[in-house]
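Chemist: Input: one structure, supplied below.
Only the coordinates and a few stated rules stand behind these numbers; no lab work does. Treat the numbers as computed from the prediction; the structure is a model and nothing was measured. A quick note on method: Cβ atoms are made from the backbone with ideal geometry, for glycine too, and the neighbour counts reach across all protein chains shown.
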């Protein structure tokens with residue numbers, strides 16, 4: 001496995017497609033494509049949540065306002081999960 005290989009969205013999609021179509025478990029895909037279990041797991045999760053957009057690299061960093069951060073912290077402390085608040 002090459003160190004610091006840059007994965008492009010098309011490669012990620014190909015690997016995710018193999019997994020989703022039942023063409024092999026993660027162990028097989030790790031050996032075949034030379035990536036890690038963690039990477040494949042992340043790609044699968046991103047694909048399930050956001051489809052192809054989840055596999056694209058973000059061009060900009062997300063910036064949240066202080067007001068939004070305070071609201072999120074308050075909601076989490078009140079017992080709501082981050083996912084509930086963000087949706």
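Chemist: Looking only at segment 24-40, decide whether some residue is surrounded by 12 or more Cβ atoms within 10 Å (Cβ to Cβ), part of a helix (DSSP H, G or I), free of Cβ contacts under 8 Å to residues at least 60 places away in the same chain and within 11 Å of the chain's Cα centre (by Cα).
Modeler: For segment 24-40, residues surrounded by 12 or more Cβ atoms within 10 Å (Cβ to Cβ), part of a helix (DSSP H, G or I), free of Cβ contacts under 8 Å to residues at least 60 places away in the same chain and within 11 Å of the chain's Cα centre (by Cα): present.
Chemist: Pick from segment 41-73 the residues that are touching a residue at least 40 places away in the same chain (Cβ under 8 Å) and touching a helix residue (DSSP H, G or I) at 6+ places or on another chain (Cβ under 6 Å): which of them is farthest from residue 12 (Cα to Cα)? Before the answer, list the steps.
Modeler: Applying the first criterion (touching a residue at least 40 places away in the same chain (Cβ under 8 Å)) to segment 41-73 yields 52, 55-57.
Now restrict to residues that are touching a helix residue (DSSP H, G or I) at 6+ places or on another chain (Cβ under 6 Å): 55-56.
Working: 55: 7, 56: 9 Å.
Once the filter is applied, the top-ranked residue is 56.
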